[in-house]
Amino acid sequence: MLARQLAFPITKLKGIGKVSAADFAALGVETGGDLITLYPRDYDDRTVMTSLADLPPEGGTINTIVSITDHGHYMAKGKRVLKIGAKDLRSGRTLYLHCFGRAFMENAYPVGTSWYINASVTRLGSAWSASAFTLGSSEEAVGIGRILPIYPLSGNLSQKTVRKAVEAILSNKYIHFDDEVPDDLVAKHGLMHTDEAIRQLHQPSDRASLDRARLTLAYTELLHLELRLERQREKRAKSTHPPKAGKLEQALQASLPFSLTEDQLRVLDEIREDLDAGSMDRLLQGDVGSGKTLVAWMAALHCIERGFQVAFMAPTELLARQHAEGAAALLEKLGVRVAFLTGDVKGKERGYLLDALHQGGIDLAIGTHALFSKDVAFKRLGLVIIDEQHRFGVEQREALRSKGKDVSLLMMSATPIPRTLAMTVFGSMDISTIYSKPMGRKSIITHIVDEKNRERMYASIGVEFSRGHQAYFVYPRIDDEGEGDLKDVTTMFSFLKEKYPGIPSALIHSRLPEDEKMRILDDFRDKKLMYLVSTSVVEVGIDIKDATCMVIEHAERFGLAALHQLRGRVGRSELQSWCFLVYYGTLTEEAKARLIVMRESNDGFRIAETDLRLRGPGDFIGNRQSGFLRLKVASLVDDVELMAQAKEDAEAIIQEDRGLLQSRHATLRRILSADGTQEPSD
């Protein structure tokens, strides 16, 4: 049988009553199948004998033999506590065992007796002590020589309770788990059979077997996931002659002072083909400044020319306004009717706008979350474009998409996602990637600056001002909130006005009204202002050609994605640009790794790989997307290569046997059928 098909309730196992069953239920464990797939979260390796002499100064775990030397007592919080002196026979050193609430141990472990011990030891002054320990008359009684699983717990559950319950299942001679990976793939990758892997993961015989068991079950999970995604994905026949650009697209291209890159043209071919074939689901990703938004406007024109409306949603009003202004400048001269809708649009103005949308008088609606409000209705919505896709949940995208019939979806990611992760997280979607940047753009030079050595940085920026170039100064806080060690925009705005007298500047942050922010950005674009002092509100959506310097203070406090996005506000023309990452104090290893990769690379995909390793997939792709991946063994951080192999194998299986009808794929068919993954229709 499949491990998950052990259907008997866990109350059938000895020692599990109603109370324990309720605690198990909190972990999602109600059946034998749930229990056997409750995999350990960690392991306590007791395979090596370790004495006090082997520990570092701060302490650690010991597995050794001790002789009881004395019993003593002391008072703690009004209670009498037993303290047992034990001599480590391997090192000759003394360990003191603090027996809170365990007075019975005075009689159980008399002076002069010897015992095996496993203990978590700390050092208090010159004395070694432990309050978490196990004493036993044999190695087996203390688990010495074994690798013990550590399970997630809930309520009053103990490791002993869970281990005994799992042991009861694994010791049943009538239970054998069917292989969940075809034999040819087991041999190809040197995997264990599923039954052995499950047993070794719960009761490893040695570290090598544990590692191989984890590899087997991680690959198994990823293979099943990739097979589900392959079967969910629509198989559309791709034309060898993708649709050509329509008149509106050609007119827009002709109006541009530059040519589209090869990547932009390739991606547009992919998008047009999808749009003409039916409902599109596509993720468009690319580095900062790679031209994703222009591709989005081209896609919108393709739909508008065919009589459809387009909705473009951004996560903030500032970013939505920037997009609306950009779209109006490019598209209104082509006859495209553009509208801007946010929650602040109210009263008669909102009524007129909603009526125009419903009657078809608006071609392109740009806005924030307000676009999927209940009172917003379209006459013929054909395409939804989502900017900064990780800021929105699936339910929000679908709420907007449901305002039309067979509506296509184009999601844009301003933070490049490593390809394998993208193909797994967004596996049911097609993915288009823009790798190149517009011709003539230079790589941004990045410097890591100790805050004590900032004067050279200020001098360099002064030179840029003399050349007519502009700058951003970014700080983590708006004002001084009592943390004197953190720079804030309010204080530094005054400082910089003294540092650069006569140079026009402005302060911008999230507390300013939206109209004020827009006025400041307009003045900056028109070069009425030469530098902005800002929080990270300028992270996305701002395209100022003459801005060549980005200063990020307290850079060690920013994540890699934010640093990369902020740096992307400069280097948006043929001018050489610089980014200064100013740090304070001693850097942690993680902060040092972030700053070094920023200095060494302008490649958003390399930076994304580092960010994935440092932060993990949940933070990296957003919690709304990471919830899709309920993996028990595999890691999207550590198993990237394994994920790629599983995807390759899944594609080969589906190509050869789409219905999983071959006998060697029978178990895979059972697994996917049990999960509700149906065979897609042709």
- From the residues P152, L668, I607, which one has its Cα farthest along the dipole of the chain in the positive direction, the dipole being from +1 and -1 charges on Cβ of Lys/Arg and Asp/Glu about the Cα centre? P152
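Efficiency by 1/(1 + (r/R0)^6): what FRET value for V19 and R41, r their Cβ-Cβ distance, R0 = 22 Å, to the nearest 0.05? The partial results should precede the final answer.
Details: r = 23 Å, r/R0 = 1.02.
For R0 = 22 Å, the calculated efficiency reads 0.45.
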- Task: Subtracting the Cα-Cα distance from 0.36 nm times the residue separation, let me have the gained length for D479 to Y435 in nm, one decimal.
- Result: 12.0 nm
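Quantify, in whole percent, the carbon and sulfur part of the accessible surface of the stretch 91-153 (1.4 Å probe; protein heavy atoms only). Mind showing how you got there, number by number?
Values: 1580 of 3130 Å².
Carbon and sulfur: 50 percent of the exposed surface of the stretch 91-153.
Please work out the FRET efficiency for the pair H176 and L661, using the Cβ-Cβ distance as r and a Förster radius of 22 Å; give the result to the nearest 0.05. Don't skip to the end; give the middle numbers.
Details: r = 25 Å, r/R0 = 1.14.
Working from the Cβ atoms, E equals 0.30.
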- Taking K403 as the anchor, which lysines have their alpha carbon closer than 16 Å to its alpha carbon, excluding any fewer than eight residues away along the same chain? K374, K379
- Cβ crowding within 10 Å averaged over residues, with 471-479, 104-112 ranked highest first: 471-479, 104-112
- Note on the structure: Stretched fully, the stretch from E398 through T113 gains (0.36 nm per residue minus C-alpha distance, one decimal, in nm) 95.6 nm
- How much length is gained on full extension from E648 to R102, taking 0.36 nm per residue of separation minus their Cα-Cα distance? 190.9 nm
- Query: With labels modelled as points extended 7 Å from the Cα through the Cβ direction, what inter-label distance (nm, one decimal) is found for S259 paired with E196?
  - Reply: 5.9 nm
- Query: Once you put a point 7 Å from the Cα of S635 and another 7 Å from the Cα of D206, both along the Cβ direction, what distance in nm separates them?
  - Reply: 2.3 nm
- Task: With a/c under 1.5 counting as rounded, go ahead and sort the stretch 430-532 into rounded, prolate or oblate using the C-alpha gyration tensor (a ≥ b ≥ c being the square roots of the eigenvalues; past the cut-off, prolate if a/b is larger than b/c, else oblate).
- Result: rounded
- Heads up, I need the accessible area for S126: 1.4 angstrom probe, whole protein in place, Å², nearest 10. 100 Å²
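Using Cα pairs under 8 angstrom and six or more residues apart, how large is the relative contact order of the chain, in percent?
On the way: 1172 pairs, mean separation 81.8, N = 682.
Here the relative contact order equals 12 percent.
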- Query: Mind checking the angle between helix 262-277 and the chain's longest principal axis? C-alpha axes, 0 to 90 degrees, to the nearest 10.
  - Reply: 90 degrees
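Considering Cα pairs under 8 angstrom that are at least six residues apart, work out the relative contact order of the stretch 63-154 and quote it in whole percent.
On the way: 172 pairs, mean separation 23.1, N = 92.
About 25 percent, as a whole number.
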- Item | Two-site FRET efficiency, H73 against A141, from Cβ-Cβ distance with R₀ of 22 Å, rounded to 0.05 | 0.25
- Task: Would you calculate the separation in nanometres between label points at K499 and K83, each defined as 7 Å from the Cα along the Cα-to-beta-carbon direction?
- Result: 5.6 nm
- Unit-weight point scatterers at every alpha-carbon of the chain, Debye formula, q = 0.07, 0.08, 0.09 1/Å: log10 I(q)/I(0) is -0.66, -0.83, -0.98
- Item | lysines whose Cα lies under 27 Å from that of K528, excluding same-chain neighbours fewer than 8 positions away | K333, K442, K487, K497, K499, K517, K545
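The values are calculated or read from the model by the stated rules, or taken from the named source; none is laboratory data. Remember, it's a predicted structure, so these values are computed and weren't measured experimentally. Every residue, glycine as well, gets a Cβ built from its backbone with ideal geometry; the counts of neighbours run over all protein chains shown. Just the protein is used for accessible areas: all its heavy atoms, side chains included, with ligands, DNA and RNA removed. Shrake-Rupley method; radii C 1.70, N 1.55, O 1.52, S 1.80 Å.
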